[in-house]
Amino acid sequence: MGTAIPRAQRPVRYTVAAVISVALVLVLVASSILNYIYLDTVAGRASLYGLLVISFIALGTFTGVRVFGRDPAERRRRFIRAGVLLGLAALVWLLLVDVIVFTDSAGPSVAVVCALVCLPTTVFGLLVLRTLDRNETEPWRLVLFATAWGAVVATSLVIWAESLWQAIAIRTLVPGPGLDVSTAFSAGILEELAKGSAVVLLFLVMRNEFDDVVDGIIYGAAIGLGFNFMESVSYMTNLYAIFAPEGVGGDAAGFQWYARQVLGLFFGHATYTAFVGAGVGIARQLPDVRRKVIAIAAGFIVAIAAHFSWDAWISAFPIDKSGFAIVEIHLRSLIITGPFTAALLALLFAGVHIEGQALAAQFRSEAALGTGAIMPEDVSILTNPWLRFRQRTRALGRGGLRAYLLSARLQSAQIDLAMDRWHRERHEVDTPMDAEEDLRRRAIGLRRELAAAIATSRG
Amino acid sequence: MVAAPIDQVRTLYRTLLVYTAVSMLVLIAGLVEFVYFEPPGQHSGLKASIAGVYQYDPERNTTIGPDRSTYPRTALFAAVVDWSSLPKDIVVDARWYDSFGNVVGSVGPATPDKLAGETAVPVHVQAPFIHLLPGRYIFVVERYEGGEPVEVIGRRVVLVEQ
């Protein structure tokens, strides 16, 4: 939906998002300054200078666009373009810093190998999420943004805070279970806040692509997969460096890979942060602010508890050195994180069911209007991902790649229209009414283009 | 009369609230565990005197060289404690923890009198390894009460380099 919202009607959520973004940038800069002062590492200096340079460029761009941009629509486009580019610059810069931090212990070649073996499993995780999101798949750009946030921004946000908490705890607490519990609280609270902030930002800024509990779970889990990727690389390289002189570095790194990228792929960060997403997704569809706030807080509490329980009580399940160890490792995950993952799946499947029913009803209502955006014969296809795929491949056969892409865009526009109708019916939209009409026109236009593409191909 | 349809989103919301209640219990259990192992009001003001951390010769059971905070992984080291600096009626122990939280050397728990002959508390290499694992090693002198360590009365952190 490309309709620009006039400043006077701009929802307050954009202001909230801006405040959160500024707070996060300040945390990143503060973290870099503390790194610079206390650790004086290359990574600390790099992150500090990089973030300050990006902040100055952002300020310059913002001022420049405001001074020289006359047309509000053009100015908005430039702001979005500049925001995306500068956001990517900050992301790449933090990634570089992460690479320096994580390759420090074992060297770049070990880190590259660790990253390469973690990549296929993470991609597999993302593909599973996409399959589960069967009614209305989220755009790859947002899912990948969420993953990148988890991998790069969230890890950078927590690194200093966790180090500080750990340093204080080590100097004040009795080593043993008390210290373990304190560390578990630190990881649960700080990491879930850092990861969850991305879900909240997506909810505030990308409302059109954040529809319900399903979307929240998908974005949350994608952030968790990204975080899990970077954490796996970090642990693998670190343990490789520790155990390599004893000749078992590869074994130690391999075990970490299995524990985090196979066993813990879904039974870990993906589950924890998906709960934040579930809370935000449910809040998206609640009528009043009080319940919205409760739902978001509830999501964070469940995520923190799930994360905490793993970190705090993993030592209660010691692993034997016998052959039974392999069974114990799996049982441990199943017992501690399993109930949380099962509870999350229950929310996800219920959400998919509710979403599917609502969309089907809206497809039928729109088809009955006779606007041409959704035809009666489209309804059964749009409600079934396999039939949607067959329709696209049929278009490919009849009109080539262009027809395939047009068919995909048409399906996407039709689903967006039904989703918008659902939200409007539930009074969950803060965009002007003409946004729905825009979607309708878009679907009708795409249908015409598709027919023309197929006709041209045949002609 | 037709009953109003149940809003399924409300059902999801209530389910989430049930999960939250259970999660609160998990977090409360964590807090209780923390308080059990870190009971408040245990600050006695006692301070164990740790003379330093020195390189250790296991064959002669003696320490060598100056007090240091960094050691190579091939060298063993020991913390030297002056047990006479503590009251005789308390129970204490001393432990080394490696960066994984494993106890890699200890004496006690016993009264300071009984530990007088064990002033040097060395780290041990864990089987099957040949040398110490690199990382941060923490040495603590703990005061016991009711059979549990309740307070750290002396602490040193040593870095074992890769």
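Taken together, the values in this text are just the output of simple stated rules run on the coordinates, not laboratory data. The structure displayed is predicted, hence computed values, not measured ones. Cβ sites come from the backbone with ideal geometry, for glycine too, and all protein chains shown count toward neighbours.
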Review point. For all pairs of alpha-carbon atoms in region A:356-458, what percent lies in each bin of width 10 Å, listed from the first bin to the last filled one?
Key: 16, 47, 29, 7, 0
Revision key, fill the gap. For A:Leu85 and A:Phe324, extending 7 Å from Cα along the Cα-Cβ vector and measuring point to point gives, in nm, a value of 6.3 nm
Check your understanding: Cα extents of chain A along the three principal axes, largest first, in whole Å?
Key -> 71, 59, 49
Review point. To one decimal place, what Kirkwood hydrodynamic radius in Å is obtained for region B:76-128 from all pairs of distinct Cα atoms?
Key: 11.7 Å
Exercise for review: Select from B:Phe100, B:Ala127, B:Thr111 the residue farthest towards the positive end of the dipole of region B:47-135; place +1 on Cβ of Lys and Arg, -1 on Cβ of Asp and Glu, and compute about the Cα centre.
Suggested key: B:Phe100
Study note, to complete from the structure: Computed over the Cα atoms of region A:320-359, the Rg and Dmax in Å are 16.5, 53
Practice item. For chain B, find the longest principal axis of its Cα atoms and tell me its angle to the long axis of helix B:8-37, 0 to 90°, nearest 10. Key: 20 degrees
Study note, to complete from the structure: Short to long, in 5 Å steps from zero, the percent of alpha-carbon pairs of region B:1-117 per bin is 2, 8, 11, 13, 13, 10, 7, 6, 5, 5, 4, 4, 4, 3, 2, 2, 1, 1, 0
Point to revise | Over region A:106-336 - Rg/Rh using Cα atoms and the Kirkwood inverse-distance radius | key: 0.99
**Study point:** Under-5 Å amide H pairs with B:Glu145, H placed in peptide plane, nonlocal only
**Key:** B:Val150
Revision key, fill the gap. Full extension between A:His427 and A:Ser315 adds, at 0.36 nm per residue less the Cα distance, a length in nm of 35.5 nm
Point to revise | Inverse mean reciprocal Cα-Cα distance (Kirkwood Rh) of region A:294-413, Å | key: 18.7 Å
Practice item. Pull out the extension gain between B:Thr70 and B:Gln126, defined as 0.36 nm times the separation in residues minus the alpha carbon to alpha carbon distance; nm, one decimal. Key: 18.2 nm
Check your understanding: Setting aside same-chain residues fewer than 8 positions from B:Lys47, which lysines have a Cα under 21 Å from its Cα?
Key -> B:Lys88, B:Lys114
Check your understanding: For A:Tyr14 and A:Ser365 in the same chain, what is the full-extension length gain: residue separation times 0.36 nm, less their Cα-Cα distance, in nm?
Key -> 123.2 nm
Study note, to complete from the structure: So, relative contact order of chain B in percent, Cα under 8 Å, 6 or more apart, is 22 percent
Check your understanding: Rounded to two decimals, what ratio of Rg to Rh does region A:239-278 give with C-alpha atoms and a Kirkwood Rh?
Key -> 1.24
Review point. How high is the relative contact order of region A:309-458, given as a whole-number percent (alpha carbon pairs under 8 Å, six or more residues apart)?
Key: 21 percent
Exercise for review: May I have the pair-distance distribution P(r) for region B:49-161, computed from all Cα-Cα distances with 10 Å bins from 0 and rounded to whole percent?
Suggested key: 15, 49, 30, 7
